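These notes are about the structure you will find just below.
None of the figures in this text is laboratory data; all of them are computed from the coordinates on show. Nothing here was measured: the structure is a model prediction, and the numbers come from that model. We place every Cβ from the backbone using ideal geometry, glycine too, and count neighbours over all the protein chains shown.
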Amino acid sequence: MPKANRRPMQILSTTTEYPISGVDETATILMRFAPSTADGPEIQATGSASLRAITDLDGETAAVRIQGDQGEIQICGWPWCPSRLRVIRRRPGMNNRGTISIDKTDLLPDGLYGLCFEADEVAHCIYQGLLESPEMPWLESLTVMEIMDTVRRENNHWFPEEIETLEYPVTLPSKTS
């Protein structure tokens, strides 16, 4: 999608709150984007996440699917510790079956998981003297945060004022018991 069209024109969402903590344990988001070409259709994107749903019991089921008109990317296993990555390409159009063009396992060496790719990118940028990642520029990070802020606002989820403040430096209260 062209960088100019990465902000959605419309965001609809729903969440389910975990009653003990008030955390949004399940969220579903529907976004509508401008066409990527002058004569193309509008683009819709959906995302859903849940702390309660088990998406992959065997490490072989695609827990994440990113689908488009030329195929899909599948991430098997837990998204933060994937067991397999597949890229399935297909010709645009109805009823065209795809073929697996990439199928990789052993994606994370030595049992790494979590934010190891993000940490590597930060280290790379520091080493290169970059103030911004070419892979995930600030504008894209800001767009993601704005989408999440919209979802929280639509569903009455708020961070405490000391977290939401734009004042710097921030002094957070101690969380000792």
Whole-angstrom gap from the stretch 101-171 to the stretch 1-71, using each part's C-alpha centre: 17 Å
Sites W138 and Q70 - FRET efficiency at Förster radius 35 Å, r taken between beta-carbons, to 0.05: 0.80
Pair A38, W158: separation of 7 Å Cα→Cβ label points (nm): 4.7 nm
Rg/Rg_ref, the stretch 56-107, where Rg_ref = 2.2 N^0.38 Å and atoms are Cα: 1.16
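Explain nothing, just the number: dipole magnitude of the chain about its Cα centre with +1 on each Lys and Arg Cβ and -1 on each Asp and Glu Cβ, in debye rounded to the nearest 20.
Using Cβ point charges on Lys, Arg, Asp and Glu, the chain gives about 780 debye.
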Per residue, the convex hull volume that the Cα atoms of the chain enclose (Å³): 207 Å³
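Note the full-extension length gain between M148 and S101 as 0.36 nm times their separation in residues minus their Cα-Cα distance, in nm to one decimal.
Numbers: separation 47, 0.36 × 47 = 16.92 nm, distance 3.26 nm.
Full extension from M148 to S101 adds 13.7 nm.
Using 0.36 nm times the number of residues separating L51 and H124, minus their current alpha carbon distance, what extension gain do you get? If you can, show how the numbers build up before the last one.
Working: separation 73, 0.36 × 73 = 26.28 nm, distance 3.18 nm.
Length gained, L51 through H124: 23.1 nm.
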Neighbour count of at most 16 Cβ within 10 Å plus DSSP loop: longest chymotrypsin sites (Phe, Trp or Tyr not before Pro)-free window in the chain: 1-79
